[in-house]
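Single-structure report; data block below.
The values are calculated or read from the model by the stated rules, or taken from the named source; none is laboratory data. Treat the numbers as computed from the prediction; the structure is a model and nothing was measured. Glycine gets a Cβ as well: all are built from the backbone with ideal geometry, and neighbour counts include every protein chain shown.
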Amino acid sequence: MTVSPPAQPDARGHFGRFGGRFMPEALIAPLDEITEAWEDAKADPTFTAELARMLREYANVPSPLYEAHRFSETVGARILLKREDLNHTGAHKIRNVIGQALLAKRLGKPRAIAETGAGQHGVASATACAYLDLDCTVYMGEVDTERQALNVARMRMLGAEVVPVTTGSRTLKDAINEALRDWVSTVDTTHYLFGTAAGPHPFPAMVRDLTRGIGDEARAQSLELLGRLPDVAVACVGGGSNAIGLFTGFVADEEVRLVGIEAGGDGIETGRHAATITGGDIGVLHGARSYLLQDEDGQTLESHSISAGLDYPGVGPEHAHLAATGRAEYRPATDAEAMAAFELLCRTEGIIPAIESAHALAGAIVLAEELGSDATILVNLSGRGDKDVHTAAQYFGLIEEPVVLDEGTEE
Amino acid sequence: MSAIDALFERTRVEDRAALVGYLPAGFPSKELSIRAIETMVEAGVDLVEVGLPYSDPVMDGPTIQAAADIALAGGTRVGDVLDVVKASAATGAPTVVMTYWNPVERYGVERFAADLAAAGGAGLITPDMIPDEAEEWLEASGEHGLSRIFLVAPSSTDERLAMTAEAASGFIYATAVMGVTGQRDQTSALAEPLVSRLRKVTDKPVGVGLGVSNGAQAREVAAFSDAVIVGSALVRCLLDHAGPDDALSALRDLVVDLRAGMER
Ligand SMILES: Cc1ncc(COP(=O)(O)O)c(C=O)c1O
């Protein structure tokens, strides 16, 4: 398989003017350690073979590329789905966590910590830690532990300790703060298994390296299936890991448009959204310069989205750079648009998508209208929607009482 | 010579370490934060750190987080922080702002430096801004005669210590522990070796902070540093006492205890 070289950040982790390391000095040496270890690991055939084997045997990677005929007919363009929903634990997240857990082993760290919004990255982390015999602690905002009791139970079943975070807004950004506070105190024994392509260098580049299989596979699969590349590659953007994983495979193919779909929530104009690039400004959050939702004083604002996995006021710096250079476009899809796309995929293909991924589908529907029936649109179906059944059932009015057992498991 | 340089000149002559006290602006209210600063300077604090309350303080433990939350809930803005700086500087104690980076970047680095200098501020302590990223700040601080107080940590390599010390002015902030702000029962065994590693690469003054909460600990730290930095313990005085009079007298007592501990 031929793969395009990824855009490398500079030595200090900058993608153009974005990225870098805005972190307490205490964490700089550990970040340097990870940077070096990751460079070594990538160049070590034993490590890469081991990682490839685990992804293949355990995570069910490579995921198939699937032509969604009935969905295509309805939306009026040819739609290909990269089926990350079929991976173990039900999303692209497993690629990142297995890679980082294996790196933690290589670094000799017996413990991993992770943040999670509603539990998806937490469940993936707990899974990888069980698989690779690491102690695992997951920080989760108290608001989310209450909304996502089932995922809390999943993580605990897998042997992880789940710590409810009671500071700040008690959601994902505060879980990241608390994980960083743990890490600065325990860094000798602990790896921070960061969940998306954001944060300080080397996380954006490392997570990108780990998720780029999505795009590399999809590129080869497109050539095999179509004899050519798609016209557009579309992915949802929370912190940015699935989107950067998809985009990296195509970034050198200038004829392929790259479109990231952000969570538009109630609509950008309402201020209640999580569309960081579309509706935010440049600033520094969680260790990197990028776009973020902030007030006039640079205080972080709370984001809003029906999709917990997109509900983050920041975004990875490589996306900021791709937006600034114009190589990728970023657009919002509202809660309502995402849920309409969610329903359409259920009904036409028998696939329940993650609500995150439904945002990408909503973006594809708009692109299909714009481009017409000759267009081929590749959509990253980043995850499956089992976790979202409760949210969706409530949204569509399919149940009267909350189903306690399946209480909100979205992320 | 900057106000901070003059202070360290004086404490050197007096053969003692300086006492640096931290309180967030706007906590518990703007007015009381000013009175608290005046109180601690009267009682013996030599240099004031005014905290700029921030929504995501990753280097702070529960005490300072709680104070920042109260200050933000009370509507504290960057302009209020500068007002508090002005009042603090009026006491005669050199006053610096301790702030996470994003509020400065948002305000505009050059504009922040100009307004801080105009308010009588002497510099910035930047817990999440390392010299590697500080180009704009190095320039603006130079222009406005502000000290740039960077942090070093027990995990810093010798190379980074030298680089950071070179970029710093005023003093260098040595964090005594691997961890966040907050009181600790014992002074850290990591602090002294860190300070001696620093002494090999710089003769700039070194302040030690994180965890110091009483006179006995201050004495230990003063024995090998140029400044003892106290934060959470001072904040606690204001958190634990509902009435302002009680809070301010607890604050005064603590500062007196710290200074007494530091007498050589
Ligand atoms: C299925 C799925 N897609 C997308 C995301 C968003 O994250 P990212 O932008 O890092 O891909 C999540 C996050 O939890 C997710 O679970």
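Restricting B:LEU116, B:LEU138 to those that are in a helix (DSSP H, G or I) and surrounded by fewer than 24 Cβ atoms within 10 Å (Cβ to Cβ) reduces the list to B:LEU138. When the residues of segment A:296-341 are filtered to those that are buried (at least 24 other Cβ atoms within 10 Å of the Cβ) and β-branched (Val, Ile, Thr), the one that is nearest to the ligand (Cβ to nearest atom) is A:VAL315. Answer yes or no: is there a residue in segment B:110-118 that is at the interface with chain A (Cβ under 9 Å from one of its Cβ atoms) and within 24 Å of A:THR300 (Cα to Cα). No, that holds for no residue. Within segment B:180-203, the set of residues being small (Gly, Ala, Ser) and either without any contact (Cβ under 8 Å) to a residue 60 or more places away in the chain or not in a loop (DSSP other than H, G, I, E, B) (or both) comprises B:SER188, B:ALA189, B:ALA191, B:SER196. If you go through segment A:177-204 and keep only what is at the interface with another protein chain (Cβ under 9 Å from one of its Cβ atoms) and within 11 Å of the ligand (Cβ to nearest atom), you end up with nothing. Comparison of B:PRO57, B:PRO94 shows that the only residue that is surrounded by 24 or more Cβ atoms within 10 Å (Cβ to Cβ), in contact with a helix residue (DSSP H, G or I) (Cβ under 6 Å, 6 or more places away or on another chain) and more than 14 Å from every other protein chain (Cβ to nearest Cβ) is B:PRO94. Looking only at segment A:211-240, residues that are within 16 Å of the ligand (Cβ to nearest atom) and touching an Asp or Glu at 6+ places or on another chain (Cβ under 6 Å) come to 2 in all. For segment A:168-186, residues that are surrounded by fewer than 20 Cβ atoms within 10 Å (Cβ to Cβ) and out of contact with any strand residue (DSSP E or B) (no Cβ under 9 Å at 6 or more places or on another chain) total 1.
For (1) without any contact (Cβ under 8 Å) to a residue 60 or more places away in the chain; (2) within 14 Å of another protein chain (Cβ to nearest Cβ); (3) assigned to a helix (DSSP H, G or I), each residue gets a yes or a no:
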| residue | (1), (2), (3) |
| --- | --- |
| A:ARG21 | no, yes, no |
| A:ALA29 | yes, yes, yes |
| A:ASP32 | yes, yes, yes |
| A:ALA37 | no, no, yes |
| A:ASP40 | yes, no, yes |
| A:PHE47 | yes, no, yes |
| A:GLU50 | yes, no, yes |
| A:LEU55 | no, no, yes |
| A:VAL61 | no, no, no |
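Here B:GLY44 meets the list (1) surrounded by 24 or more Cβ atoms within 10 Å (Cβ to Cβ); (2) away from chain A (no Cβ under 14 Å) almost entirely, failing just condition (1). Within this structure, A:HIS201 fails the test of being assigned to a strand (DSSP E or B), touching a residue at least 40 places away in the same chain (Cβ under 8 Å) and closer than 21 Å to A:ARG12 by Cα. Check segment B:78-90 and report whether any residue there is within 14 Å of another protein chain (Cβ to nearest Cβ), touching a residue at least 40 places away in the same chain (Cβ under 8 Å) and within 23 Å of A:PHE22 (Cβ to Cβ). Yes; the residues of segment B:78-90 include at least one that is within 14 Å of another protein chain (Cβ to nearest Cβ), touching a residue at least 40 places away in the same chain (Cβ under 8 Å) and within 23 Å of A:PHE22 (Cβ to Cβ). A count restricted to segment A:287-328 and to residues that are without any contact (Cβ under 8 Å) to a residue 12 or more places away in the chain and either within 14 Å of another protein chain (Cβ to nearest Cβ) or touching a Gly at 6+ places or on another chain (Cβ under 6 Å) (or both) stands at 4.
Checking each residue in segment B:229-264 for being closer than 16 Å to B:GLU42 by Cβ and surrounded by fewer than 18 Cβ atoms within 10 Å (Cβ to Cβ) picks out B:PRO244, B:ASP245, B:SER249, B:ALA250, B:ARG252, B:ASP253, B:VAL256, B:ALA260. With the requirement that a residue be in a strand (DSSP E or B), more than 14 Å from the ligand (Cβ to nearest atom) and surrounded by fewer than 24 Cβ atoms within 10 Å (Cβ to Cβ), what does segment A:82-133 give you? Once the filter is applied, which keeps residues that are in a strand (DSSP E or B), more than 14 Å from the ligand (Cβ to nearest atom) and surrounded by fewer than 24 Cβ atoms within 10 Å (Cβ to Cβ), segment A:82-133 yields only A:ARG111. Name the one entry in A:ALA323, A:ALA333 that is modelled with pLDDT of 95 or more and within 17 Å of the chain's Cα centre (by Cα). On inspection, the qualifying residue turns out to be A:ALA333. Restricted to segment A:158-168, and to residues that are assigned to a loop (DSSP other than H, G, I, E, B) and more than 8 Å from chain B (Cβ to nearest Cβ), which residue is nearest to B:MET59 (Cα to Cα)? Step by step, filter segment A:158-168, then rank; the result is A:THR166. Only residues that are within 11 Å of chain A (Cβ to nearest Cβ) and either assigned to a loop (DSSP other than H, G, I, E, B) or among the polar types (S, T, N, Q) (or both) were counted across segment B:141-167, and they come to 7. Just so you know, in segment A:172-198 the residues that are part of a loop (DSSP other than H, G, I, E, B) and in contact with a Ser or Thr (Cβ under 6 Å, 6 or more places away or on another chain) include one that is farthest from A:LEU210 (Cα to Cα), and it is A:LEU193. The C-beta contact set for segment B:1-21 (first residue within 14 Å of B:VAL221 (Cβ to Cβ) and surrounded by 13 or more Cβ atoms within 10 Å (Cβ to Cβ), second residue at pLDDT below 95 and among the charged types (D, E, K, R), distance under 6 angstrom, 6+ apart or interchain) comprises B:ARG16/B:ARG264.
Selection within segment A:381-399: residues that are assigned to a helix (DSSP H, G or I) and in contact (Cβ under 8 Å) with a residue 12 or more places away in the chain. The member of this set that is farthest from the ligand (Cβ to nearest atom) is A:TYR395. Looking only at residues of segment B:26-76 that are in a helix (DSSP H, G or I) and of a type in the set (D, E, K, R), we find that the one that is nearest to the chain's Cα centre (by Cα) is B:GLU38.
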